[in-house]
Amino acid sequence: MKNSTEQPEPACRVIIVGAGLAGSLLACYLGREGYEVEVHERRADPRKQGFIGGRSINLAVSCRAITALDQVGLAETILENAIPMRGRMMHDRDGRLIFQPYSKNPDEAIKSISRGGLNLALIDAADALANVTFHFDHKCEDIDLDLPAATFALADSGELVIRECDLIIGADGAFSTVRGRMLKLDRFSCSQSYLSHGYKELTIPPTGEGDFAMEPNALHIWPRGGFMMIALPNRDKTFTCTCFWPFEGPTGFEAISSEQDVTPFFKRHFPDAVPLMPTLVEDFMSNPLGSLATVRCEPWHYQDKVVLIGDAAHAVVPFYGQGINAGFEDCRILDACLRQHPSDRAGALRQFTAQRKINTDAIADLALANFIEMRDKVGSPAFLMKKKLEKTLHAFFPKWFMPLYNMISFSDIPYAEARAKAEAQWKTIKLVAGIGAILILIVIVFAFIQLT
């Protein structure tokens with residue numbers, strides 16, 4: 001399956017902190033390469049206690065995640081239960097629907113998949129490898145960067161356990177303990193910025209007949225200018241709805257202070273959704289309110305001993321649907337870097353940081369910009385006109401013009417390269433349009449001269 005015949009030294013011991021999506025997939029990669037891998041997770045084993053997540057119950061996976069899964073032979077099995085979403089279904093205030101396909105090719109779709117189901121499948125796949133061991137109820141308390149070693153507190157006894165290894169990989173999310181220890185390093189840069197918006201999840205159940213209450217092969221959006229709600233389909237015929245609203249203001253979460261405020265607010269802003277949500281009031285009052293942060297840091301590694309991946313290195317807001325895709329791409333590229341430098345792990349980690357940092361910064365910027373597009377622009381005539389132009393140009397000139405969304409979601413073109421290519425395409429279009437306008441003006445002037 002691997003192109004390289006090089007193998008790491010048998011004694012190479014790796015500790016992965018975090019058994020979430022990226023950590024479990026990376027365990028699959030490194031286990032197959034012959035590393036001795038320990039995965040330590042602060043939560044209980046989800047195979048015994050239920051899903052270890054705590055965030056959204058479904059995800060949008062696309063080409064990058066699928067490529068990474070395919071490299072370890074898991075794509076086909078995992079995608080069996082995914083639901084393709086071929087475009088956006090816009091809901092206006094009067095309940096009218098407008099479908100915006102993501103691509104001229106109907107086979108190009110993002111996939112809605114259960115976060116918990118995906119995590120369980122990855123844990124099972126990694127745990128089936130003889131050289132991968134999982135340790136649940138192990139909370140990471142500290143990291144010794146120079147040994148390297150990790151200190152874990154056992155949930156049942158509080159006992160501290162110190163585990164030494166050759167390489168520690170921080171896959172422990174946006175509030176990473178591993179990254180927190182690296183903050184003490186000289187010239188380690190880190191920023192964490194929050195949106196003024198938060199999120200809360202709700203549910204649309206199946207109809208009385210047991211079918212989907214809305215079109216299942218679409219990502220549903222209720223754009224309201226400054227705030228919005230979205231819905232993704234689940235395999236059990238439900239939809240997970242997410243409200244992205246400001247924390248403050250008349251259209252924010254603070255506008256709902258009691259049960260009596262919920263239904264009138266939704267009838268005013270999302271009227272067509274209300275009949276589909278019989279437990280709206282109960283869900284809204286009981287479900288937690290989350291915040292949305294972007295994390296950037298550099299470098300992602302320390303010598304040949306520690307490296308960060310996924311949200312621990314580059315948490316992004318979810319509005320391009322690329323968080324899990326970028327995290328899985330990290331796994332694939334880190335594995336490739338380690339294989340390219342089997343005797344120089346420090347060089348492999350340097351290459352990984354250099355290759356990924358510029359691209360994850362790019363997708364962080366694009367995700368923030370796409371939030372504004374989704375909540376404010378997707379229903380506007382100008383936006384719809386631009387999308388039609390993109391679709392037409394892509395149909396007639398597929399080798400020259402590819403919409404930015406297609407490059408991000410339906411290709412493995414590096415994020416920064418995709419952004420630069422999109423900017424160059426539109427620069428050319430504007431230049432051609434400008435030249436065309438000048439030529440038309442010249443013709444008009446010449447005709448006027450001839451007539452006079």
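The values are calculated or read from the model by the stated rules, or taken from the named source; none is laboratory data. Treat the numbers as computed from the prediction; the structure is a model and nothing was measured. Note: ideal-geometry Cβ built from the backbone for every residue, glycine included; neighbour counts use all protein chains shown. Areas reflect the complete protein model, heavy atoms only, side chains present, ligands, DNA and RNA absent. Shrake-Rupley method; radii C 1.70, N 1.55, O 1.52, S 1.80 Å.
Show the residue pairs meeting these rules: Cβ distance below 6 Å; 6+ apart or different chains; first residue within region 384-405 and closer than 13 Å to Gln100 by Cβ; second residue open to solvent by less than 100 Å² (accessible area, probe 1.4 Å) and among the charged types (D, E, K, R).
Lys391/Lys104; Pro403/Glu390
Give the number of residues within region 46-75 that are modelled with pLDDT under 95 and either open to solvent by 20 Å² or more (accessible area, probe 1.4 Å) or not in a helix (DSSP H, G or I) (or both).
14
What's the number of the condition Pro318 fails, among (1) over 20 Å from Glu33 (Cα atoms); (2) open to solvent by less than 10 Å² (accessible area, probe 1.4 Å); (3) of a type outside the set (Val, Ile, Thr)?
Condition not satisfied by Pro318: (2).
Pairs under 6 Å by beta carbon, first residue touching a residue at least 60 places away in the same chain (Cβ under 8 Å) and among the hydrophobic types (A, V, I, L, M, F, W, C) in region 88-108, partner open to solvent by 60 Å² or more (accessible area, probe 1.4 Å) and assigned to a loop (DSSP other than H, G, I, E, B), six or more apart or different chains?
Taking only residues 6 or more apart or on different chains, the pairs are Met89/Glu215.
Out of the residues in region 337-360 meeting the condition of being open to solvent by 70 Å² or more (accessible area, probe 1.4 Å) and of a type in the set (S, T, N, Q), tell me which one is farthest from the chain's Cα centre (by Cα).
Per the criteria, the residue is Ser343.
Across region 361-415, which residue is most open to solvent (accessible area, probe 1.4 Å) among those that are assigned to a helix (DSSP H, G or I), small (Gly, Ala, Ser) and out of contact with any strand residue (DSSP E or B) (no Cβ under 9 Å at 6 or more places or on another chain)?
Of everything passing the filter in region 361-415, Ala382 is most open to solvent (accessible area, probe 1.4 Å).
Does region 198-211 hold any residues that are over 20 Å from the mean Cα position of the chain (by Cα) and either part of a strand (DSSP E or B) or within 26 Å of Pro288 (Cβ to Cβ) (or both), and which are they?
Once the filter is applied, which keeps residues that are over 20 Å from the mean Cα position of the chain (by Cα) and either part of a strand (DSSP E or B) or within 26 Å of Pro288 (Cβ to Cβ) (or both), region 198-211 yields Thr203, Ile204, Pro205, Pro206.
Does Asp236 qualify as being part of a loop (DSSP other than H, G, I, E, B) and under 30 Å from Cys12 (Cα atoms)?
no
So which residues in region 120-165 are more than 16 Å from Tyr29 (Cβ to Cβ), open to solvent by less than 40 Å² (accessible area, probe 1.4 Å) and either assigned to a loop (DSSP other than H, G, I, E, B) or not hydrophobic (A, V, I, L, M, F, W, C) (or both), if there are any at all?
Answer for region 120-165, where residues must be more than 16 Å from Tyr29 (Cβ to Cβ), open to solvent by less than 40 Å² (accessible area, probe 1.4 Å) and either assigned to a loop (DSSP other than H, G, I, E, B) or not hydrophobic (A, V, I, L, M, F, W, C) (or both): Phe136, His138, Leu145, Pro148, Thr151, Cys165.
Just to be sure I understand, how many residues within region 21-35 are part of a helix (DSSP H, G or I) and surrounded by fewer than 24 Cβ atoms within 10 Å (Cβ to Cβ)?
Total satisfying the criteria: 4.
In this structure, does Arg43 turn out to be among the basic types (Lys, Arg) and either modelled with pLDDT of 95 or more or open to solvent by 70 Å² or more (accessible area, probe 1.4 Å) (or both)?
The answer is yes for Arg43.
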